[in-house]
Amino acid sequence: MAITPPAQRIWWKEPIEKVELIWVVIAFLWGMFMFFFMIAWHFIGQQNLNNEAYRITPSAYEEKVDAFAKKFTVREEKGVPVVRAPAGEDVYILGRLWQWWPILELEKGRSYRLHLSTVDWMHGFSLQPTNINISAYPGYEHIITLTPTETGQFGIICNEFCGIGHHTMTGKIYVVDQKTASVAEGDKR
Ligand SMILES: [Cu+2]
């Protein structure tokens with residue numbers, strides 16, 4: 001706000017300065033370019049996940065994940081089941097205070113439909129070191145189509161602060177070669 005009023009009181013009726021007009025046009029066109037590129041990037045950049053989301057109650061989701069784990073658990077790690085579903089199947093991960101559950105074992109080069117939800121409140125699913133980040137909410141079941149391209153052990157951390165145990169909220173995904181029985185068997189060495 002100016003301290004003194006402008007000399008020309010009816011300033012808004014003055015013709016717009018040419019340089020200002022050019023900048024307004026440039027800024028507008030840049031804004032439009034970025035708007036459409038955001039959509040284009042979804043297709044050409046392969047950055048944004050193509051996901052689906054459905055309404056579900058937290059307890060119904062918990063039941064589904066329990067049934068999934070019961071069916072396909074191959075071993076346990078510190079009390080957490082390691083679940084290896086047949087390639088191409090639906091796989092489930094559940095977030096809660098304070099863990100991502102269960103541990104998944106996937107095959108490299110095969111596509112999975114990864115279901116993701118939480119049973120208490122919002123958590124941030126962050127897959128490391130790949131750096132895939134997805135917000136997970138109670139009441140919404142996200143489904144992400146995922147095709148692992150590298151074998152190894154991937155960590156999941158929570159990147160939305162969720163209370164006193166937030167820093168301990170981790171999970172794991174193993175990606176193994178299609179013929180390998182299990183990476184963790186090798187880890188026990
Ligand atoms: Cu969390």
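Which condition from (1) more than 16 Å from the chain's Cα centre (by Cα); (2) within 16 Å of the ligand (Cβ to nearest atom) is the one that D90 breaks?
So D90 meets the others, but not (2).
Answer yes or no as to whether T145 is touching a residue at least 60 places away in the same chain (Cβ under 8 Å), more than 15 Å from the ligand (Cβ to nearest atom) and loosely packed, with under 14 Cβ neighbours inside 10 Å. Walk me through it before giving the result.
Working: touching a residue at least 60 places away in the same chain (Cβ under 8 Å): yes; more than 15 Å from the ligand (Cβ to nearest atom): yes; loosely packed, with under 14 Cβ neighbours inside 10 Å: yes.
When the stated conditions are applied, T145 passes them.
Checking the conditions here, which among W12, W23, W30, W41 is free of Cβ contacts under 8 Å to residues at least 24 places away in the same chain and closer than 30 Å to T147 by Cα?
Exactly one of W12, W23, W30, W41 is free of Cβ contacts under 8 Å to residues at least 24 places away in the same chain and closer than 30 Å to T147 by Cα, namely W41.
Yes or no: I157 open to solvent by 20 Å² or more (accessible area, probe 1.4 Å), outside any loop (DSSP other than H, G, I, E, B) and within 12 Å of the ligand (Cβ to nearest atom)?
Values: open to solvent by 20 Å² or more (accessible area, probe 1.4 Å): yes; outside any loop (DSSP other than H, G, I, E, B): yes; within 12 Å of the ligand (Cβ to nearest atom): yes.
It is true that I157 is open to solvent by 20 Å² or more (accessible area, probe 1.4 Å), outside any loop (DSSP other than H, G, I, E, B) and within 12 Å of the ligand (Cβ to nearest atom).
Report yes if W121 is under 20 Å from A67 (Cα atoms), within 10 Å of the ligand (Cβ to nearest atom) and of a type in the set (F, W, Y), otherwise no. Even if it seems obvious, please write down each step before you answer.
On the way: under 20 Å from A67 (Cα atoms): no; within 10 Å of the ligand (Cβ to nearest atom): yes; of a type in the set (F, W, Y): yes.
No; evaluated as a whole, the condition is false for this residue.
So L104 ticks every box in (1) surrounded by 15 or more Cβ atoms within 10 Å (Cβ to Cβ); (2) assigned to a loop (DSSP other than H, G, I, E, B); (3) away from the ligand (no atom under 16 Å from the Cβ) but one. Which box is left unticked?
(2)
Being among the basic types (K, R) and at pLDDT below 90 is the filter here, so list the residues in the stretch 76-95 that pass it.
The answer is K78, and nothing else.
Starting from residues that are in a loop (DSSP other than H, G, I, E, B) and within 8 Å of the ligand (Cβ to nearest atom), keep the ones in the stretch 160-178 and report whichever is most open to solvent (accessible area, probe 1.4 Å).
Ranking the qualifying residues of the stretch 160-178, first place goes to F161.
Here's the yes/no breakdown for (1) open to solvent by less than 60 Å² (accessible area, probe 1.4 Å); (2) assigned to a loop (DSSP other than H, G, I, E, B); (3) closer than 30 Å to D177 by Cα:
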site	(1), (2), (3)
P15	no, yes, no
A27	no, no, no
H42	yes, no, yes
E62	no, no, yes
K70	no, no, yes
V82	yes, no, yes
S117	yes, no, yes
W121	no, yes, no
F125	yes, no, yes
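The values are calculated or read from the model by the stated rules, or taken from the named source; none is laboratory data. Small disclaimer: the values here were computed from a predicted structure and weren't measured. Positions of Cβ are backbone-derived with ideal geometry, glycine not excepted, and every protein chain shown enters the neighbour counts. Side chains included, ligands, DNA and RNA excluded: accessible areas come from the protein's heavy atoms. Shrake-Rupley method; radii C 1.70, N 1.55, O 1.52, S 1.80 Å.
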